[in-house]
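Novice: The structure's right below; bear with me while I get my questions together.
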Amino acid sequence: MQNHDVRARSTASSDQVWELLIDAASWPSWSRIDEPVVHESTITSPDGRDGIGAVRASRSGKVVTRGRIVFLQPRSRFACEGENGLYLRNYQAVIDLSGTSGVDTLIHWRGSCETQWGTRWFWQRFMQRFMQSMADGLASHASARRRRSVASVPVWQPVSEGDGQACQCGGGHRAGAAARYRLLAGEVRATWPGGAGADRRRRPW
């Protein structure tokens, strides 16, 4: 029996990491899988969020592998087992996500399989390196997505204008098009540069 046990840490939350892990279509963007093989997959969901029993087929190079989802605990654990192939048999994998304070998720990816006699040394090293690259790819891709989402959130900065608490909203607007806001009784009054139709009220949340 061959075993692999790898870890990687992401600055994304467990929710953000889970969104990538559960979505089969996202795997080629962060793993060594080239593409899903849709016509050889079964019991899959159109939105990519497959449930227990779904068989996912994927291609890496010329090799097509199939894995069945056997356990799901949202944002926490993903487990699957692979169909027997030419070189590997009885493959099982468990991916655990753990984190605190909503960010900084630890990915623990471990599994086991049986190999042909005389090839144990090769598959032991290969699977350890391969799965480490999978965990690292998942972690880094989730972190990058989190950074992009944070960068797109408007930044509220105090400015001095008239009475009350005024703020400058930037970061989420195009350059030169930031609006000026004044907080009034739980509402935001937006004064847009240019004058016409200046004051518009809306709830900020």
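The values are calculated or read from the model by the stated rules, or taken from the named source; none is laboratory data. Since this is a predicted model, take the numbers as computed values, not measurements. Cβ coordinates were reconstructed from backbone atoms using ideal geometry, including for glycine residues, and neighbour counts include every protein chain displayed.
Novice: Gln73 - would you say it is at pLDDT 90 or above, under 22 Å from the mean Cα position of the chain (by Cα), over 30 Å from Thr119 (Cα atoms) and crowded, with 19+ Cβ neighbours inside 10 Å?
Specialist: So Gln73 does not fit the description; no.
Novice: List the pairs whose first member sits in region 37-55 and is loosely packed, with under 13 Cβ neighbours inside 10 Å and in a loop (DSSP other than H, G, I, E, B), whose second member is among the aromatic types (Phe, Trp, Tyr) and at pLDDT 90 or above, and whose Cβ atoms are under 7 Å apart, counting only residues at least 6 apart or on separate chains?
Specialist: As it stands, the answer is Ile52/Phe71, since those pairs meet every condition given.
Novice: Continuing with the same structure: I'd like to verify a number: residues in region 38-49 that are touching a strand residue (DSSP E or B) at 6+ places or on another chain (Cβ under 6 Å) and either within 24 Å of Ala142 (Cβ to Cβ) or small (Gly, Ala, Ser) (or both), how many? I'd like the intermediate steps shown before the answer.
Specialist: At the first step, the residues of region 38-49 found to be touching a strand residue (DSSP E or B) at 6+ places or on another chain (Cβ under 6 Å) are 40-42, 48.
Imposing the further condition that a residue be either within 24 Å of Ala142 (Cβ to Cβ) or small (Gly, Ala, Ser) (or both) reduces the set to 41, 48.
Adding up the residues that qualify gives 2.
Novice: Just to be sure I understand, how many residues within region 89-144 are within 25 Å of Met1 (Cβ to Cβ), of a type in the set (Ser, Thr, Tyr) and modelled with pLDDT of 95 or more?
Specialist: Number of matching residues: 1.
Novice: Here is a further query. Tell me yes or no: at least one residue of region 100-115 is exposed (fewer than 15 other Cβ atoms within 10 Å of the Cβ), basic (Lys, Arg) and assigned by TED's automatic domain parsing to the domain that holds Glu19.
Specialist: So far as region 100-115 goes, no, none of its residues is exposed (fewer than 15 other Cβ atoms within 10 Å of the Cβ), basic (Lys, Arg) and assigned by TED's automatic domain parsing to the domain that holds Glu19.
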